[in-house]
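Read the figures in this text as sums done on the coordinates, not as results from a lab. All figures in this text were calculated on a predicted structure; none of them were measured in a lab. Glycine also receives a Cβ, built like all others from the backbone with ideal geometry; neighbour counts cover every protein chain displayed.
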Amino acid sequence: MTAARMVGMAMRHQRAVGWPRRINPHIRRLYINAVRMRFDPMLGGGSGDGKLLKAIWDELNEKPATYLDVPLFRTYMERMTQLQITEKLAILADAAKYDASCASSGTVKRSSSKTGGIGSTEGMGICHAYAPDGRCISLLKILLTNSCIFDCHYCINRKSSNVRRAKFTAKEVVDLALNFYKRNYIEGLFLSSGIIKSSNYTMEQMVEVARSLREDHDFRGYIHLKTIPDADPELLEAAGRHADRLSINVELPTRAGLAALAPEKSQDRIEGAMGGLKTSILDGKDAKKKYRSAPNFAPAGQSTQMIVGADAATDSDIVRRANGLYDQFGLRRVYYSAFSPIPDASAVLPMQRPPLMREHRLYQSDWLMRFYGFAPQEVVDAAEPNGMLPLDIDPKLAWALKHRAQFPVDVNSAPKAMLWRVPGLGTKAVQSILRARRWRRLRLEDVGRLTVSITKIRPFLIADGWSPGGLTDMEHLRAMVAPKVEQLELFA
Ligand code: SF4
């Protein structure tokens, strides 16, 4: 194509979109260039310089009030919605993988595409959550859009990131969820989003998805909405009326970390919104007790997510923060997401991701506080002097090794709370021990049948015919009970 034809095309396009008089001349020039170079605005690059397009897009997003009714802006939005649904799904399901809403992430990559086998661990889009009755349910996990007017350093979707962008309309998400549901692929929806135009505008779109599913289609499946703390409280209220669970990300464990890595976010605003949700959830429960017909408000409660390893916060800082969040806002879960380096990362971020095992140890410490009766300070006591939990052993074993004076405990007489503290004994094993010892005295072999590693248990237990003697106080006990390096045990 000749230069003259390209310019002609740009001018025709300019007339077709009804060029606005008040548009910034800089934007006008950029746009003419973009058309001349045949950019695909939403594919972020195409045949030319993607940065040029980004400059236009950022300018539009930064001043949405100025450009909202500008045909150019609408043109971009239209181009965006013209992307094929499957293409959008690939982009927006992949972009949602950083939301740690489920426990199915973190495995190794496997694909059968080249082997002729079956199955893959690489595809995104479906995650799992647990229903109140313990059932594991599959959720369609997507973003409404991966465009964002914020520039959080750690986020692949931040304004300055050079990634392909896409956006679903509310109706498209509703149709996708219903189609997948009817095909039995999913039982619910997890919806998150970057922020486009404004927090309120984005939240309205998300609420519309949940409203339409519930009211227009009588959808009874699970809905989890990731909410935007800066949105109006009325919109968060509306979200809670339709969703089972709401979540607001605290993002980083410390105020300083948030200020450094997500300067447009505010811990006070985030916590204010979480406090508002807590009140609404409690009010909803009270109303439900009095009147069976009272509407539900987020019956599965609220949760949050913290990024681990992007700032200088130690595991002790994270454990204290998580505990504070559980206490203050009555959270159902705090999810941890190990920071993963992103393309064109900001210089303020670490070059390497933290070990995945760190995220796992934090989840284990979370379980110790929620299910094993450990106080937050006791979990912090399990950490090394630098405030980090050991990676080679789980936090319960680390705590036991530091508090050997409290062991061994007698499996035939110790109270439940003390049995919970024995490394290697989970809550189910303790329950079985309590049941069994009503009828007979237990030997070490009996306990061994309830646990994965008898080696780990022996120094900390007395049973019929077994006493660890000096084993509990041996200098090299840690080396004896630590799992071999290649064994990464998942549960204490
Ligand atoms: S607001 Fe959310 S989507 Fe936007 S840059 Fe920050 S973390 Fe990413």
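From the phi of every residue in the stretch 395-401, what ³J(HN,Hα) in whole Hz does the Karplus formula 6.51 cos²θ - 1.76 cosθ + 1.60 yield, where θ is phi - 60° and glycine or proline is x?
Those phi angles translate into x, 5, 5, 4, 5, 4, 5 Hz.
Pull out the extension gain between residue 286 and residue 269, defined as 0.36 nm times the separation in residues minus the alpha carbon to alpha carbon distance; nm, one decimal.
Taking residue 286 through residue 269 to full extension adds about 3.5 nm, to one decimal.
Compute and list, largest first, the equivalent-ellipsoid semi-axes of the stretch 401-481 from the alpha carbon gyration tensor, each √(5λ) rounded to a whole angstrom.
Over the Cα atoms of the stretch 401-481, the semi-axes work out to 20, 12, 12 Å.
Please rank 403, 224, fewest neighbouring Cβ atoms within 10 Å first, as an exposure proxy.
The fewest-first ordering by Cβ neighbours comes to 403, 224.
Working out 0.36 nm times the residue gap between residue 443 and residue 294, then minus their Cα-Cα distance, what length gain in nm do you get to one decimal?
Difference between extended and current length: 48.3 nm.
Under the 0.36 nm per residue contour assumption, what length would be gained going from the current alpha-carbon distance of residue 241 and residue 434 to full extension?
In short, 65.3 nm is gained.
Students often get this wrong, so check it: of 226/428; 226/290; 159/197, which have C-alpha atoms separated by over 23 Å?
Beyond 23 Å between Cα atoms: 226/428; 226/290.
Out of residues 5 or more away from residue 139 or on other chains, whose amide H comes under 5 Å of its own, with H placed 1.01 Å from N in the peptide plane?
When sequence neighbours closer than 5 places are left aside, the close amide H contacts are 127, 128, 129, 187.
Set the Förster radius R0 to 25 Å, insert the Cβ-Cβ distance between residue 260 and residue 328 as r into 1/(1 + (r/R0)^6), and round the FRET efficiency to 0.05.
So the FRET efficiency works out to roughly 0.65.
Under 5 Å between amide hydrogens, which residues at least 5 positions from residue 223 or on another chain qualify, with H placed 1.01 Å from N in the peptide plane?
Under 5 Å from the amide H of residue 223: 189, 244, 245.
Give a residue-ordered list of calculated ³J(HN,Hα) values for the stretch 155-164 (Karplus: 6.51 cos²θ - 1.76 cosθ + 1.60, θ = phi - 60°; whole Hz; x for Gly, Pro).
Working through the residues one at a time gives 9, 5, 8, 4, 3, 8, 7, 9, 10, 5 Hz.
Quick query: amide H of residue 335 versus all other amide H atoms, modeled in the peptide plane; which residues come in under 5 Å with a sequence gap of 5 or more or a different chain?
Long-range HN contacts for residue 335: 304, 305, 306.
With the crude spin-label approximation of a point 7 Å out along Cα→Cβ, what separation in nm comes out for residue 413 versus residue 478?
Result for the modelled spin labels: 3.3 nm.
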